[in-house]
1. For the structure I just gave you, tell me whether residue 172 is over 23 Å from the mean Cα position of the chain (by Cα) and in contact (Cβ under 8 Å) with a residue 12 or more places away in the chain.
2. Select from the stretch 7-26 the residues that are surrounded by 17 or more Cβ atoms within 10 Å (Cβ to Cβ) and either outside any helix (DSSP H, G or I) or modelled with pLDDT under 90 (or both) and list them in ascending order.
3. Could you pull out the residue among 334, 316, 312 that is outside any loop (DSSP other than H, G, I, E, B), modelled with pLDDT under 90 and not assigned by TED's automatic domain parsing to the domain that holds residue 139?
4. Can you tell me how many residues in the stretch 86-108 are buried (at least 22 other Cβ atoms within 10 Å of the Cβ) and either under 25 Å from residue 350 (Cβ atoms) or modelled with pLDDT under 90 (or both)?
5. Please work out which residue is nearest to the chain's Cα centre (by Cα), limiting yourself to the stretch 114-137 and to residues that are surrounded by fewer than 24 Cβ atoms within 10 Å (Cβ to Cβ) and assigned to a helix (DSSP H, G or I).
6. Applying the selection to the stretch 143-187, what residues are crowded, with 22+ Cβ neighbours inside 10 Å, within 29 Å of residue 320 (Cα to Cα) and out of contact with any helix residue (DSSP H, G or I) (no Cβ under 6 Å at 6 or more places or on another chain)?
7. Taking the options 83, 111, name whichever one is closer than 30 Å to residue 336 by Cα and surrounded by 18 or more Cβ atoms within 10 Å (Cβ to Cβ).
8. Listed residues 244, 261, 236; which is in the same structural domain as residue 352 (by TED's automatic domain parsing), more than 16 Å from the chain's Cα centre (by Cα) and surrounded by 20 or more Cβ atoms within 10 Å (Cβ to Cβ)?
């Protein structure tokens with residue numbers, strides 16, 4: 001089959017769709033317990049730190065498993081790697097149904113956390129297999145829309161289902177959804193032919209592949225950008241309630257501000273990457289994302305007007321969160337299709353490492369006082385360095401096939 005025909009099969013949207021659902025479910029399962037931590041502490045008689053491990057195990061295990069997941073994606077193909085992650089995710093979500101023990105919930109969460117890198121790290125390999133460079137950022141952006149929708153579902157649906165059906169009933173619903181989507185992925189996802197050829201051509205030495213990737217100056221900058229960007233985003237979303245509380249914003253209103261941040265990101269992820277594809281440029285949009293976040297962060301963290309906060313959060317999400325899709329696509333373009341999975345693994349490793357470090361640093365920088373201003377200054381510094389790096393990183397757009 002001619003090379004250009006491979007990139008225009010309508011079935012590519014089915015493959016992207018079932019992958020997007022898998023990625024969204026992984027995020028939903030991650031955040032199921034985030035809005036229920038107080039209830040978890042009361043129900044099982046555990047402390048705040050132990051209860052929070054239901055959520056914190058995800059970025060910690062991602063740091064450990066991201067690189068192996070990326071290498072496996074390159075060696076074995078994304079269908080097999082993501083499919084394995086989807087099966088483990090479905091089985092682990094079923095373990096959580098046994099809600100008589102906190103440690104059964106934790107075991108289930110550990111299983112989902114192990115599966116998550118193998119699911120999420122497949123996006124760039126899939127996109128390079130099915131989509132041209134002129135479609136790449138849009139396809140990656142649509143994949144990240146699933147991630148944001150899953151986050152919103154995990155935060156929004158969990159309390160309502162737990163209240164209406166009880167905790168076990170809610171966990172049964174989530175397990176059924178996960179099993180159905182995992183089955184759909186296994187039945188409907190297939191590779192286009194490019195990924196198999198790339199995996200065969202890839203170097204047999206993982207160490208040599210990593211050295212090759214890390215010798216690329218622009219790739220190193222992209223990894224640093226992800227470290228800073230996800231560090232900022234995870235720090236902001238984790239401590240948003242505490243940051244806004246001194247400004248007279250209630251916990252419920254802070255939750256809505258966080259929801260608007262994610263909803264704005266969904267709109268931005270469906271729009272900005274498409275513009276990037278149309279203009280065949282990545283760098284200018286990355287600069288806009290960094291500059292927009294730098295301009296909007298301090299007003300968001302310092303004002304007390306609830307309607308204005310909703311507008312600022314939506315704008316911040318719209319402008320900043322598409323940078324995630326752009327960085328994913330840039331890493332694949334710079335690494336080439338043969339090593340796209342490994343590059344994504346390093347990217348996600350550095351991003352989650354940045355998230356863990358920033359989440360821990362922010363309360364340390366804040367100190368014992370009630371004001372979060374020092375922590376906000378830390379986030380501003382991260383964004384300032386992000387803007388600087390986005391100005392010096394090279395343009396990554398490369399034609400992958402006829403558009």
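The values are calculated or read from the model by the stated rules, or taken from the named source; none is laboratory data. If you're wondering where the values come from, they're calculated on a predicted model, not measured in any experiment. A quick note on method: Cβ atoms are made from the backbone with ideal geometry, for glycine too, and the neighbour counts reach across all protein chains shown.
1. Values: over 23 Å from the mean Cα position of the chain (by Cα): yes; in contact (Cβ under 8 Å) with a residue 12 or more places away in the chain: yes.
Considered against the rule, which asks whether it is over 23 Å from the mean Cα position of the chain (by Cα) and in contact (Cβ under 8 Å) with a residue 12 or more places away in the chain, residue 172 comes out as yes.
2. Within the stretch 7-26, 7, 12 qualify.
3. Values: 316 fails: modelled with pLDDT under 90; 312 fails: modelled with pLDDT under 90.
Residue meeting the stated conditions: 334.
4. The total comes to 2.
5. Start the filter on the stretch 114-137 by keeping residues that are surrounded by fewer than 24 Cβ atoms within 10 Å (Cβ to Cβ), which leaves 114, 132-135.
Those still in the list that are assigned to a helix (DSSP H, G or I) too: 114, 133-135.
Details: 114: 15, 133: 21, 134: 22, 135: 20 Å.
Among those that are surrounded by fewer than 24 Cβ atoms within 10 Å (Cβ to Cβ) and assigned to a helix (DSSP H, G or I), it is 114.
6. Scanning the stretch 143-187 gives no hits.
7. On the way: 111 fails: closer than 30 Å to residue 336 by Cα.
It is 83.
8. Numbers: 261 fails: more than 16 Å from the chain's Cα centre (by Cα); 236 fails: more than 16 Å from the chain's Cα centre (by Cα).
Of the residues listed, the single one that is in the same structural domain as residue 352 (by TED's automatic domain parsing), more than 16 Å from the chain's Cα centre (by Cα) and surrounded by 20 or more Cβ atoms within 10 Å (Cβ to Cβ) is 244.
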